[in-house]
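First comes the structure, then the notes that go with it.
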Amino acid sequence: MITWPINPVTNLRTRDVEWVTADHQHLLTVTLIWDSPAIEDHVEQVAYYNVFQKDLDGNRFIGRSFVEAYRVCQLRVQGSCSHVEFVVQTVTRSGLKRPLEESCSIKLNWGSQKFPLSLR
């Protein structure tokens, strides 16, 4: 059986970060943007990207993107959290998925003011 390499997501970054606190809830809105390497002959084409939020319970699917960007809207964040981490997984046209542990991730950290202070 021939297996095709799956292109990884690279240069995952954020834009338009917004925090809203209402009714004792913290809501995060952020745009995730990434790069996908050019298609080579030996690499299968990307069909879409799965977007996950990493938390203590594992990886929670939050959406799917057919382009190299995804808008996370009003994601509930616990007041006791000090960070939120997102993972973007490549899925090929034949349905092959890059393993989550090998997929690109970004971590938003913040201080007591509830806004990102650093990205990892």
For this session: Could you run through the stretch 3-25 and say how many residues are open to solvent by less than 50 Å² (accessible area, probe 1.4 Å) and among the basic types (Lys, Arg)?
Result: 0
Exercise. Out of all the residues in the stretch 38-47, is one or more out of contact with any Leu (no Cβ under 7 Å at 6 or more places or on another chain), farther than 19 Å from residue 91 by Cα, polar (S, T, N, Q) and at pLDDT below 90?
Worked result: no
Exercise. Which number in (1) surrounded by 11 or more Cβ atoms within 10 Å (Cβ to Cβ); (2) within 27 Å of residue 110 (Cβ to Cβ) marks the one condition that residue 92 misses?
Worked result: (2)
Exercise. Among the residues of the stretch 34-50, is any open to solvent by less than 50 Å² (accessible area, probe 1.4 Å), in contact with an Asp or Glu (Cβ under 8 Å, 6 or more places away or on another chain) and among the hydrophobic types (A, V, I, L, M, F, W, C)?
Worked result: yes
Seminar exercise, completed: If you go through 65, 80, the only one that is polar (S, T, N, Q) and surrounded by 11 or more Cβ atoms within 10 Å (Cβ to Cβ) is 65
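The values are calculated or read from the model by the stated rules, or taken from the named source; none is laboratory data. All values derive from a computational prediction rather than experimental measurement. For neighbour counting, all protein chains shown are included, and Cβ atoms are generated from backbone atoms with ideal geometry for every residue, glycine included. With ligands, DNA and RNA removed, areas are computed over all heavy atoms of the protein, side chains included. Shrake-Rupley method; radii C 1.70, N 1.55, O 1.52, S 1.80 Å.
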